[in-house]
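Visitor: Encoded as structure tokens, here's the structure I'll be asking about.
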Amino acid sequence: MRRPLVAGNWKMHGTCASIKQLLNELAEQDLPTSVDVAVFPGLIHLQAAIAQASQGSIVVGSQDCAVQLEEGAMTGETSALQLEDIGCSMVLVGHSERRQLQEETDSVICRKFIAAQAAGLTPVLCVGETLAEREAGLAVATVQKQVDAVLVELGADVLHNAVIAYEPVWAIGTGLTATPEQAQEIHAQIREHVAQYSAPIAQQVRILYGGSVKAANAAELFAQADIDGGLVGGASLNAKEFSAICRAAGN
Ligand code: PEP
């Protein structure tokens, strides 16, 4: 039985005051104990969020880390070890916005994945097809290639301490959500693909769905056999909405 995880990606949102308020509001919500809950604030707010969240059960992760593990001459970068040092426990790697805006390649993402695990962080490997890829019938091939970018080099054992997030690019921040059937189909394909490396690990790895998840559609998505929770952007900035999504994952 896989324990559900709901993760809130706060992207480049918030101020010191609004982040504090959001965490205060989340602490007042009824979060299910059967669900792991994580939030990913911007880098500048990580330390304050970690200090505040340490009083409760919410885990804090980073939205990115450097490819290089050790400290060094990498202006503007933050290493996974530095993130671990301040109390982060997870990190997103390969989010489509970084693939697109920062032109991150599969090979860079694999190096970030390695750095994250070497520092003791749990990487959340984000994969997903663009609308053009879906329309060309390439959705499955695209996500398999993105998963292979890590598994071919590292093997399936690395998924013991990792999460996969399937996020169709066309559904991120657009209000368009994959139907539960569309999402389930790709999740099942990802799990089958991982099973070609290791059947037990395929059964154990958590695969989250992301792409305009909200309280109104979460229950239907999370009811699917291979969807183990969500990676939530916009809706995670509202404590009531986010906690309702967390409760949907617990049902
Ligand atoms: C995301 O950024 O990972 C995401 C899924 O965003 P949204 O929920 O806003 O589509």
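Visitor: Note down the nm distance, to one decimal, between modelled labels 7 Å out along Cα→Cβ at Ser89 and at Ala216.
Guide: Label at Ser89, label at Ala216, 3.4 nm between them.
Visitor: Between Leu221, Leu23, Leu154, where does the largest GNM mean-square fluctuation fall for the chain, given springs only between Cα atoms within less than 10 Å?
Guide: Greatest mean-square fluctuation among the candidates belongs to Leu154.
Visitor: Suppose every Lys and Arg Cβ carries +1 and every Asp and Glu Cβ carries -1, with no other charges. What dipole size does the range 1-158 come out with about its Cα centre, to the nearest 20 debye? Before the final figure, lay out the partial values.
Guide: Values: 10 positive and 20 negative charges, 47 e Å.
Dipole size: approximately 220 debye.
Visitor: Would you calculate a helix-derived [θ] at 222 nm for the chain, using -39,500 (n - 2.57) for each DSSP H run of n ≥ 4 and dividing by the full residue count, to the nearest 500? Numbers along the way, then the final one.
Guide: Numbers: 11 runs with 109 residues, N = 251.
Helices in the chain give a 222 nm mean residue ellipticity of -12500 deg cm²/dmol.
Visitor: Another question, then. What residues have an amide H closer than 5 Å to that of Ala7, excluding those fewer than 5 places away on the same chain, when H is modeled at 1.01 Å from N in the peptide plane?
Guide: Ala38, Gly230, Leu231, Val232
Visitor: Note down the nm distance, to one decimal, between modelled labels 7 Å out along Cα→Cβ at Ala118 and at Glu70.
Guide: Each label point lies 7 Å from its Cα, and together they span 0.9 nm.
Visitor: Points 7 angstrom from Cα along the Cβ direction at Leu154 and Glu192: gap in nanometres?
Guide: Rounded to a tenth, the inter-label distance reads 2.5 nm.
Visitor: Would you list Lys214, Lys11 from the most to the least accessible area, probe 1.4 Å? Before the final figure, lay out the partial values.
Guide: On the way: Lys214 80, Lys11 40 Å².
Heavy-atom accessible area, descending, gives Lys214, Lys11.
Visitor: Using r as the Cβ-Cβ distance of Arg3 and Gln182, and R0 as 22 Å, what FRET efficiency do you calculate, to the nearest 0.05?
Guide: The pair Arg3/Gln182 has a calculated efficiency of 0.35.
Visitor: What percent does the relative contact order of the range 5-250 come to when contacts are Cα pairs within less than 8 Å and at least six residues apart? Can you show the working numbers first?
Guide: Values: 475 pairs, mean separation 53.1, N = 246.
Averaging sequence separation for qualifying contacts and normalising by length gives 22 percent for the range 5-250.
Visitor: About its Cα centre, how strong a charge dipole does the range 167-223 have in debye, to the nearest 20, once Lys and Arg get +1 and Asp and Glu get -1 at the Cβ?
Guide: Working: 3 positive and 5 negative charges, 35 e Å.
The calculated dipole for the range 167-223 is roughly 160 debye.
Visitor: Let me ask something else. With r as the distance between the Cβ atoms of Glu103 and Thr15 and R0 = 30 Å, compute the FRET efficiency 1/(1 + (r/R0)^6) and round to 0.05. The partial results should precede the final answer.
Guide: Working: r = 29 Å, r/R0 = 0.95.
Efficiency for this residue pair is about 0.55.
Visitor: Provide the packing ranking of 235-244, 144-153, 73-82, i.e. peptides ordered by the mean count of other C-beta atoms within 10 Å per residue, highest first. Please list the in-between numbers first.
Guide: Values: 235-244: 20.2, 144-153: 18.7, 73-82: 14.3.
Highest to lowest by the protection proxy: 235-244, 144-153, 73-82.
Visitor: Something else now. Which semi-axes, in whole Å and largest first, does the equivalent ellipsoid of the chain have when worked out from the alpha carbon gyration tensor as the square roots of 5 times its eigenvalues?
Guide: Details: eigenvalues 123, 103, 56 Å².
Each semi-axis is the square root of five times an eigenvalue, giving 25, 23, 17 Å.
Visitor: If you don't mind, another one. Non-local amide H neighbours of Gly42 (under 5 Å, H modeled in plane, Pro and chain starts lacking H): which ones?
Guide: Amide H neighbours of Gly42: His13.
Visitor: Answer with one residue from Cys16, Gln184, Ser79: the one whose Cα lies farthest towards the positive end of the charge dipole of the range 5-250, charges on Cβ with Lys, Arg +1 and Asp, Glu -1.
Guide: Farthest along the dipole direction, towards plus: Cys16.
Visitor: Would you tell me the accessible area of Asp106, worked out with a 1.4 angstrom probe on the heavy atoms of the protein chains, in Å² to the nearest 10?
Guide: My reading of the accessible area for Asp106 is about 30 Å².
The values are calculated or read from the model by the stated rules, or taken from the named source; none is laboratory data. Remember, predicted model here, so these are calculated numbers, not experimental data. FYI the Cβ positions are ideal-geometry reconstructions off the backbone, even for glycines, and counts take in every protein chain you see. Surface accessibility is based on the protein's heavy atoms, side chains included, excluding ligands, DNA and RNA. Shrake-Rupley method; radii C 1.70, N 1.55, O 1.52, S 1.80 Å.
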